[in-house]
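Engineer: First the structure, which I've put down as C-alpha cells, then a few questions once you've had a look.
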Amino acid sequence: MGRILAAIALSALGGLATLALLQALGPDWTRFLPANCLATHCFCEAPRNGELLLQPANSWSSLGFVLVGSWILLGARGAPQGAAFAGGPVAWFGVTSIVIGIGSVLLHATLTLWGQFYDVLGMYLLSSFMAAYAAQRWLRLSNAMAFGLYVAVCAVLIGLLWIMPETRRWLFGIVLLAAIAMELFFARPRRPGVNTAWFWYGFLANAVAFGVWTLDNTLTLCAPHSLLQGHAIWHLLGAAAVTFTYLYYRSERAVMAP
C-alpha cells in the first residue's frame, strides 16, 4: 500500500510539473509547428482551442503511464529474492513508462510537432528495451552487448523520428511486434520459472488497445466533445500492458552459477 501511495504522489508531482511547463509555454499553441496528425484530425477528441489542454481526456489519461512507471520505479530496489529482472533495468523500464506518459500529455495538450516528438520518444525507448531484452535472453548477450544494442536501436529510431516524423507509427509498430515475436518464440523458453500468463495478459491488453485506437483514429466510434474517448482508453490499456510486461519480466528466476 505504501508503494502505491508513493507512486500516486510521484505521479501527481509529475503531472503538476508538466502543467507548469505547459502554462509557461501556452496556451497559444499555434505559435509552434503543428503535429503531423493534424493533417488527419489527430484522433477523435475535438481540440478545445484557446485552452491549456487542447484534448483534456487524452491528456489526463496519459498519466496512467506515469502512475505505472512510478510504481515500477519505486520497486526497483525491492526485487523478490531470486528475481532475474532487478536493479537498473527495472528502474529504467519504469522511467520509460513515465516518459511515455509525460510525452503523451505534451502531444495531446498542444498538438504540436515538438509535443509529438516527446510522445513518440517514450514509445521508442520502451519498445526498444523490450526488443533488446528479448534479444539478450535469446542470443545470450552480455549486459554490455545488450546495452549497446539498445542504444543503437534507440539512436536509429530517434534519428528517423527527427528526420522523418511521418514514419513514427509504422516504426513503432514494427519494433513492438518484433519485440513481442522475439520474446514469444525465442526468449521466453530461456527464462526459467517465468509466468507466461502475464505475457499473454499484456499481449491481450495491447491487442484490445490497438483495436480501440483504430476505431478512434478512423472516427468509426467518435463523440468529439465527450470526455469518454477511445484514445484515452488506449492510454489506459497501454499502461495496463506495461504493468503486465513488468510482472512477466519480474517472474523470471535468476540462474545461479554452479
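The values are calculated or read from the model by the stated rules, or taken from the named source; none is laboratory data. None of these values were measured; they are calculated from a predicted model. Please note: Cβ atoms are built from the backbone with ideal geometry, for glycine as well, and neighbour counts cover all protein chains shown. For accessibility, only protein heavy atoms count, side chains too; no ligands or nucleic acids. Shrake-Rupley method; radii C 1.70, N 1.55, O 1.52, S 1.80 Å.
Engineer: So how far, in whole Å, is the C-alpha centre of the stretch 139-170 from the one of the stretch 70-86?
Structural biologist: Distance between centres, Cα-based: 25 Å.
Engineer: Counting only protein heavy atoms and a 1.4 Å probe, tell me what percentage of the chain's accessible area is made up of carbon and sulfur.
Structural biologist: 74
Engineer: Once label points are set 7 Å from the Cα along Cα→Cβ at both LEU204 and LEU52, what is their separation, rounded to one decimal in nm?
Structural biologist: Those two pseudo-labels are separated by 3.9 nm.
Engineer: A further question on this structure: At 222 nm, what value in deg cm²/dmol follows for the chain if DSSP H runs of at least 4 each add -39500 (n - 2.57) and the sum is divided by all its residues, to the nearest 500?
Structural biologist: -22500 deg cm²/dmol
Engineer: Quick check: the angle from helix 2-25's long axis to the longest principal axis of the chain, C-alpha only, nearest 10 degrees?
Structural biologist: Once rounded, the angle reads 40 degrees.
Engineer: With a cut-off of 11 Å, note down the residues of the stretch 117-141 whose backbone N falls inside the zone around a label point 7 Å from the Cα of PHE32 toward its beta carbon.
Structural biologist: Answer for the stretch 117-141: 117-119.
Engineer: Would you list ARG31, ARG188 from the most to the least accessible area, probe 1.4 Å?
Structural biologist: I get ARG31, ARG188, largest accessible area first.
Engineer: What residues have an amide H closer than 5 Å to that of ALA83, excluding those fewer than 5 places away on the same chain, when H is modeled at 1.01 Å from N in the peptide plane?
Structural biologist: ALA254
Engineer: Oh, and also: Net charge near ASN58: determine it from the other residues with C-beta under 14 Å of the C-beta of ASN58, scoring Lys and Arg +1 and Asp and Glu -1.
Structural biologist: Overall, the nearby charge balance is -3.
Engineer: Could you state the accessible area per residue of the chain in Å², with a 1.4 Å probe and every protein chain left in place?
Structural biologist: Value for the chain: 48 Å² per residue.
Engineer: Sticking with this one: Roughly how far apart, in whole Å, are the Cα centres of the stretch 180-250 and the stretch 106-122?
Structural biologist: Spelled out, the Cα-based centre of one part sits 21 Å from the other.
Engineer: Between THR214 and ALA181, what FRET efficiency follows from the Cβ-Cβ distance if R0 is 22 Å, with the result rounded to 0.05?
Structural biologist: Calculated transfer efficiency: 0.60.
Engineer: For the stretch 111-224, what size does the Cα cloud have along each of its three principal axes, sorted from largest down, in whole Å?
Structural biologist: Projected onto the principal axes, the Cα atoms of the stretch 111-224 cover 47, 33, 15 Å.
Engineer: How far, in degrees from 0 to 90, does helix 168-182 lean away from the longest principal axis of the Cα atoms of the chain, to the nearest 10?
Structural biologist: 20
Engineer: Subtract the Cα-Cα distance of TRP162 and TRP138 from 0.36 nm times their separation in residues, and report this length gain in nm to one decimal.
Structural biologist: Between TRP162 and TRP138, full extension yields an extra 5.6 nm.
Engineer: For the chain, list the cysteines whose Cβ sits under 4.7 Å from no other cysteine Cβ?
Structural biologist: Singleton cysteines: CYS154.
Engineer: Sticking with this structure for a sec: Taking amide H positions as placed 1.01 Å from N in the peptide plane, with prolines and chain starts having none, which residues 5 or more places from THR112, or on another chain, fall under 5 Å of its amide H?
Structural biologist: ALA35
Engineer: Show SER59, SER142 ordered by accessible area, largest first, where the area counts protein heavy atoms only and the probe is 1.4 Å.
Structural biologist: The most accessible residue leads, giving SER142, SER59.
Engineer: Which whole-number value in Å³ per residue fits the convex hull of the alpha carbons of the chain?
Structural biologist: 124
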